[in-house]
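Enquirer: If you scroll down you'll find the structure; I have some questions about it.
Every number here is computed from the coordinates shown, using simple stated rules; none is lab data. Predicted, not measured: the structure shown is a model, and the values here were computed from it. Here the Cβ is made from the backbone with ideal geometry for all residues, glycine too, and neighbour counts use every protein chain on show.
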Amino acid sequence: MNGPRERGEHRPGAAPRVRGGSGRAGLGGALAGAWEPPILGIYTCHMCGFKSGNKIELNNHVRVHTGGWPYVCALCDYKTRRSNDLKRHELTRHQGGVLRPFRCDLCQYRTTHAVLLRRHRAAKHPAP
């Protein structure tokens, strides 16, 4: 069957892939070759059989096949398929913006978390 599959269907002869599992519906050990029929509420990629219990996660996965890059950094040419990846990129790559609001008053160090600033001060500028 090469046409579209309904939610919860799998490819004939293939074990369903579920995020976070072993690729065999979470079964391991002696039962690794066995699997149970799909459960209601599992969303399936019609292109490769990937399964997820979360429709948004499945939509993000489908972009792997379609080549969609809807999230673009405003400060550089970085593109990604997932909004969380763009947020992480902005927090870790663009130090000059408000994305790193915690600033050391003794040097140019900036960070995203107060605890990291305290750790920096203790390591780089210890009190006399």
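Enquirer: Can you find a residue that is surrounded by 12 or more Cβ atoms within 10 Å (Cβ to Cβ), hydroxyl-bearing (Ser, Thr, Tyr) and not in a loop (DSSP other than H, G, I, E, B) anywhere in region 88-107?
Expert: No, the conditions are met nowhere in region 88-107.
Enquirer: Go through region 76-87 and count every residue that is surrounded by 13 or more Cβ atoms within 10 Å (Cβ to Cβ) and not charged (D, E, K, R). Write out each step before concluding.
Expert: First, pick out the residues of region 76-87 that are surrounded by 13 or more Cβ atoms within 10 Å (Cβ to Cβ): 78-82, 85-87.
With the extra rule that they be not charged (D, E, K, R), the set shrinks to 78, 80, 86.
So the count comes out to 3.
Enquirer: Are any residues in region 50-87 hydrophobic (A, V, I, L, M, F, W, C) and either touching a residue at least 24 places away in the same chain (Cβ under 8 Å) or part of a strand (DSSP E or B) (or both), and if so, which ones? Walk me through how you get there before you give the answer.
Expert: The first filter runs over region 50-87 and keeps only residues hydrophobic (A, V, I, L, M, F, W, C), leaving 50, 56, 58, 62, 64, 69, 72-76, 86.
Of everything in region 50-87, those that are hydrophobic (A, V, I, L, M, F, W, C) and either touching a residue at least 24 places away in the same chain (Cβ under 8 Å) or part of a strand (DSSP E or B) (or both) turn out to be 50, 72.
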